[in-house]
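A.B. asks: Next up is a structure, given as structure tokens.
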Amino acid sequence: MEYFTNVKKVKYEGIDSKNPLAFKIYNAEEIIGGKTMEEHLKFSVAYWHTFAEELTDPFGSGTAIRPWDNITDPMEKAKAKVEAAFELFDKLNVPYFAFHDVDIAPEGESLKETFENMDIIVDLIKEKMETSKTKLLWNTVNNFSHPRFVHGAASSNNADVFAYAAAKVKKGLEVGKKLGSQSYVFWGGREGYESLLNTDMGLEVDNLGRFFHMAIDYASKIGYEGQFLIEPKPKEPTSHQYDFDVATTHAFLQKYNLDDKLKFNIEANHATLAGHSFEHELRYARINKMLGSVDANQGHPLLGWDTDEFPSDMYATTLAMYEILKNGGLEKGGLNFDSKVRRTSFEPEDLFRAHIVGMDSFALGLKVAHKMIEENVFENIIDKRYKSFNEGIGKDIVEGNTDFDKLTEHALNLKEVKNESGQLEVIKGVLNQYILQALSGK
Ligand code: XUL
Ligand code: CO
């Protein structure tokens, strides 16, 4: 059965196309620097936003119109969504998808029944994957929505909840192994606190560390080979999440000897909620060799919450692709659209239109970033700006051949301290030029 009857296979029509159901820039087979766009970008559809999202907001109920709306039995609905999902993956020609356990199968009366429901749907997904090009980028479990997780999961005050969360992650790793997920993601959900007045922060954070170690041990026990990823987010739903941002989470991973076992899954809107730019979080992870994957979206500049918009800001996608290319790609990660259509974009076709804009925006970012790296644009600017560290006293500093006595002697002998302009406006103009050139097909 066909679910999205108004959409045919989406094609690349080029920059002058006015068809909202065609790619303007993303041309999967086009070679950029020896790899196809598809290989560079590794796009992934998020099952939750695409097949489980009803488009509610804090002030209103769901508006989404979906082809499976009239199916009432939860398991039948879940099966229909799998069929619809693989149709969408095929029509959009996306190589990956990602899900939480509860996105794909309904929870049962007991944990046992929940696992049984999941087994049925996982078997169906496995069967669909056999004839589809689309692979599982990552899977995770939702240890935050159900009321049992009201006080958290691995950082809950209730040990039974800790055990329940562990059982779900154990199952998630088994599912990941069965479907060959490239990575397994931990997003903290409610791993944080509402108030310090009733919180044993030391115990909660230690328990989180214990939880990760047990998950890693179980993965090696069953031979799961995916990359573990942790996804920082500063707040929401808690007022403070323990995995606040990359720097905070890096310190947590180092403290609990986990920094060689996990990498980061970085989400644009989480970066901005933390008061950082997307590229800041990517850079921080990259320079620490911890950049694993990306949740591609963007926030609304005027709203203070996680709006998860589809990415359309070409500056952000260019600077993100710069970091990703400098990282040598994302290995077992990819660009997962943790993005949802606006509540006002409620038609089923909007799911396609929105992914197309996101894919085109990142394809443009890839083109621009690749050309700028090939021509050493930022590298030349930065090399020149730091040239004082290549000789004389600067070289002594970076090589560890000096001390405060020698530095003071150097400073006392200086006739004047000369600085040069950083020319940031010129640099932004150069970035504009590269974006405009890429848009005009140069
Ligand atoms: C929540 C969020 C999650 C994670 C996976 O803000 O980003 O969807 O990506 O649990
Ligand atoms: Co995310």
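The values are calculated or read from the model by the stated rules, or taken from the named source; none is laboratory data. Just so you know, these numbers come straight off a predicted model, no measurement behind them. A quick note on method: Cβ atoms are made from the backbone with ideal geometry, for glycine too, and the neighbour counts reach across all protein chains shown.
A.B. asks: What number of residues within the stretch 292-305 are modelled with pLDDT under 95 and within 11 Å of ligand 1 (Cβ to nearest atom)?
C.D. replies: So the count comes out to 1.
A.B. asks: Could you give every pair whose Cβ atoms fall below 6 Å, whose first residue belongs to the stretch 70-94 and is farther than 27 Å from HIS40 by Cα, and whose second residue is of a type in the set (A, V, I, L, M, F, W, C) and assigned to a loop (DSSP other than H, G, I, E, B), counting only separations of at least 6 or pairs across chains?
C.D. replies: What qualifies is LYS77/TRP68; LYS77/ILE71; ALA78/ALA105; ALA80/TRP68; ALA80/ILE71; LYS81/TRP68.
A.B. asks: What single numbered condition from (1) out of contact with any Leu (no Cβ under 9 Å at 6 or more places or on another chain); (2) in a helix (DSSP H, G or I); (3) closer than 30 Å to SER195 by Cβ; (4) among the hydrophobic types (A, V, I, L, M, F, W, C) fails to hold for ALA167?
C.D. replies: (1)
A.B. asks: Restricting to the stretch 25-57, and then to whatever is without any contact (Cβ under 8 Å) to a residue 60 or more places away in the chain and assigned to a loop (DSSP other than H, G, I, E, B), can you tell me which residue is nearest to MET314 (Cα to Cα)?
C.D. replies: It comes out as GLU30.
A.B. asks: Something else: In the stretch 263-294, how many residues are more than 12 Å from LEU330 (Cα to Cα) and not in a helix (DSSP H, G or I)?
C.D. replies: So the count comes out to 6.
A.B. asks: Right, here's the next one. Give LEU407, LEU335 a once-over and let me know the one that is among the aliphatic types (A, V, I, L, M), closer than 30 Å to VAL94 by Cβ and in contact with a helix residue (DSSP H, G or I) (Cβ under 8 Å, 6 or more places away or on another chain).
C.D. replies: So the residue among LEU407, LEU335 that is among the aliphatic types (A, V, I, L, M), closer than 30 Å to VAL94 by Cβ and in contact with a helix residue (DSSP H, G or I) (Cβ under 8 Å, 6 or more places away or on another chain) is LEU335.
A.B. asks: Another question, then. Of everything in the stretch 263-291, what is surrounded by 24 or more Cβ atoms within 10 Å (Cβ to Cβ) and more than 11 Å from ligand 1 (Cβ to nearest atom)? Give them in sequence order.
C.D. replies: Hits for the stretch 263-291 are LYS263, PHE264, ALA271, PHE278, GLU281, LEU282, ALA285, LEU291.
A.B. asks: To continue, here is another question. Filter the stretch 384-404 down to the residues that are surrounded by 12 or more Cβ atoms within 10 Å (Cβ to Cβ) and either of a type in the set (Phe, Trp, Tyr) or outside the structural domain of GLN423 (by the TED database) (or both) and list them by number.
C.D. replies: The one that is surrounded by 12 or more Cβ atoms within 10 Å (Cβ to Cβ) and either of a type in the set (Phe, Trp, Tyr) or outside the structural domain of GLN423 (by the TED database) (or both): PHE389.
A.B. asks: Which of the residues that make up the stretch 218-257 are within 16 Å of ligand 2 (Cβ to nearest atom) and part of a helix (DSSP H, G or I)?
C.D. replies: Scanning the stretch 218-257 gives VAL246, THR249.
A.B. asks: State all residues of the stretch 300-314 that are within 15 Å of ligand 2 (Cβ to nearest atom) and over 23 Å from LEU439 (Cβ atoms); if no residue qualifies, say none.
C.D. replies: Within the stretch 300-314, TRP305, ASP306, THR307, ASP308 qualify.
A.B. asks: Among the helices (runs of 4 or more DSSP H) confined wholly to the stretch 341-442, which include 2 or more residues that are within 22 Å of LEU319 (Cβ to Cβ)?
C.D. replies: The helices (runs of 4 or more DSSP H) meeting that bar are 348-374, 377-385, 424-439.
A.B. asks: Then there is this: Give the residue that is nearest to ligand 2 (Cβ to nearest atom), with candidates limited to residues of the stretch 282-299 that are more than 11 Å from the chain's Cα centre (by Cα) and under 19 Å from LEU258 (Cβ atoms).
C.D. replies: Here the residue is ALA285.
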